[in-house]
Amino acid sequence: MWTNYVDISKLIDYCQKFILEAHIQIQIIKAIDQMQQEAKRLLQTGKAIAFVPTMGYLHEGHLALMREGRKHGDTLIISIFVNPTQFGPAEDFQAYPRDLDRDVRLAESVGVDIIFAPEADAIYDKAYQTYVDLEILPLHLCGPLRPRHFRGVATVVTKLFNIVKPQAAIFGEKDYQQLVIIRRMVRDLNFDIRIIGVPIVREPDGLAMSSRNTYLSEDERRSALSLFQALQQAQKSLAQGMRDARQLISEASEMIRSYPYTKIDYVALCDPETLEDVDRVEGPTLMALAVWVGKTRLIDNAILKP
Ligand code: PAF
């Protein structure tokens, strides 16, 4: 009886230790050289790295990328870095929501192994002067309205790839133009990395998940639904035989304008690979939207199929 008691108490100790270790398994790395050494060590032991770059303030959309990431590597690394070079001077870099403790808990819940969370001055030191810039894809959609945004994205993603050394990297289709640009950049610069796109994750009422949704007031949140409604309207009109891009765009724009607080940056119909505008929708076509709802700029998109 006494022996049994000792065994059980040992078992409890063991279980507690196991639970504690499982809980602190996630590793947070802040130094670039430490991340590079850890990536090299993993690769030397034959472990494939899957990577999800993020700017933090994680939501279900990010977690879907991480769940997908688990399928593409033995070790899942995410980065949390609000990248200053992709924000314009009048944009929300300072206000961008940040909460590392919350992000660590969420990342843990989907089995992330390592969070790389560098400081901005380590990524861009005082003498920093090298940028990755694509020539044509950034001329479309958000590019002209957010000058240098995609230069900032392509540069930081290149740097993160060099630091984290992944074999696969996962990006959301919500930032559709970003995904097309990264795929092109990876091809152009011969990165040996598979780029995996993950479909948009939506709230039950259709609003595409975004860290910026937290800026919306209750009334604005209702108006934000206009983006999804416009995409649905376009798909419906297409199914009814409407093929003219101008007509489809004008109908979608009217739908958005019928909601208060909205101001359209663009409603576009374009080729899903080149992002060039189309006149008629004859095959799978990207409808992309950028709309201000109050002081928050939201984007959304769908591939429309006739
Ligand atoms: O999509 C994002 O969150 C960012 O643009 C990225 C890819 C992490 C680069 O900063």
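The values are calculated or read from the model by the stated rules, or taken from the named source; none is laboratory data. Owing to the predicted nature of the structure, the values given are computational and were not obtained by experimental measurement. No Cβ is skipped: glycine too gets one built from the backbone with ideal geometry, and neighbour counts run over all protein chains shown.
Among the residues of the range 43-54, write down those that are in a helix (DSSP H, G or I) and without any contact (Cβ under 8 Å) to a residue 40 or more places away in the chain.
Matches in the range 43-54: Gln44 only.
Would it be correct to say that Arg151 is more than 26 Å from Met35 (Cβ to Cβ) and in contact with an Asp or Glu (Cβ under 8 Å, 6 or more places away or on another chain)?
Against the criterion (more than 26 Å from Met35 (Cβ to Cβ) and in contact with an Asp or Glu (Cβ under 8 Å, 6 or more places away or on another chain)), Arg151 does not qualify.
Using beta carbons and a limit of 9 Å, which pairs, at least six apart or on different chains, have the first residue in the range 204-217 and on the phi > 0 side of the Ramachandran plot and outside any helix (DSSP H, G or I) and the second one at pLDDT 95 or above and not β-branched (Val, Ile, Thr)?
Cβ pairs passing all conditions: Gly206/Leu225; Gly206/Leu227; Gly206/Phe228; Gly206/Gln229; Gly206/Leu231; Gly206/Gln232.
Output the residues belonging to the range 259-294 that are under 17 Å from Pro306 (Cα atoms), in a loop (DSSP other than H, G, I, E, B) and under 24 Å from the mean Cα position of the chain (by Cα).
Asp271, Pro272, Pro284 - these are the residues of the range 259-294 that are under 17 Å from Pro306 (Cα atoms), in a loop (DSSP other than H, G, I, E, B) and under 24 Å from the mean Cα position of the chain (by Cα).
Grab the helices (runs of 4 or more DSSP H) fully contained in the range 66-171, keeping just those with 2 or more residues being surrounded by 15 or more Cβ atoms within 10 Å (Cβ to Cβ), at pLDDT 95 or above and out of contact with any strand residue (DSSP E or B) (no Cβ under 7 Å at 6 or more places or on another chain).
Filter on the range 66-171 gives 100-109, 149-164.
Among the residues of the range 183-203, count how many are among the small types (Gly, Ala, Ser) and free of Cβ contacts under 8 Å to residues at least 12 places away in the same chain.
So the count comes out to 0.
Looking at (1) more than 26 Å from the chain's Cα centre (by Cα); (2) within 30 Å of Glu135 (Cα to Cα); (3) in a loop (DSSP other than H, G, I, E, B), find the lone condition where Gly241 falls short.
Unmet for Gly241, out of (1) more than 26 Å from the chain's Cα centre (by Cα); (2) within 30 Å of Glu135 (Cα to Cα); (3) in a loop (DSSP other than H, G, I, E, B): (2).
Conditions tested, residue by residue: (1) of a type in the set (S, T, N, Q); (2) more than 12 Å from the ligand (Cβ to nearest atom).
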position	(1), (2)
Pro144	no, yes
Gly152	no, no
Val157	no, no
Gln177	yes, no
Ile182	no, no
Asp192	no, yes
Pro199	no, yes
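If you go through the range 248-306 one residue at a time, how many are closer than 16 Å to Phe228 by Cβ and small (Gly, Ala, Ser)?
Number satisfying all stated conditions: 6.
Give me a count of the residues in the range 43-65 that are surrounded by fewer than 20 Cβ atoms within 10 Å (Cβ to Cβ) and more than 15 Å from the ligand (Cβ to nearest atom).
6
How about the range 257-306: which of its residues are touching a residue at least 24 places away in the same chain (Cβ under 8 Å), closer than 18 Å to Leu137 by Cβ and acidic (Asp, Glu)?
Within the range 257-306, Asp265, Glu273, Glu276, Asp277 meet the criteria.
Just to be sure I understand the filter: pairs with C-beta atoms under 7 Å, separated by 6 or more residues or on different chains, first member in the range 55-79 and under 14 Å from Val164 (Cα atoms) and without any contact (Cβ under 8 Å) to a residue 40 or more places away in the chain, second member part of a strand (DSSP E or B) and within 14 Å of the ligand (Cβ to nearest atom). Which pairs pass?
From residues that are under 14 Å from Val164 (Cα atoms) and without any contact (Cβ under 8 Å) to a residue 40 or more places away in the chain, the pairs are Ile78/Val52; Ile78/Thr54; Ile78/Ile115.
Does Ile299 fit the bill of being touching a helix residue (DSSP H, G or I) at 6+ places or on another chain (Cβ under 9 Å), hydrophobic (A, V, I, L, M, F, W, C) and surrounded by fewer than 20 Cβ atoms within 10 Å (Cβ to Cβ)?
no
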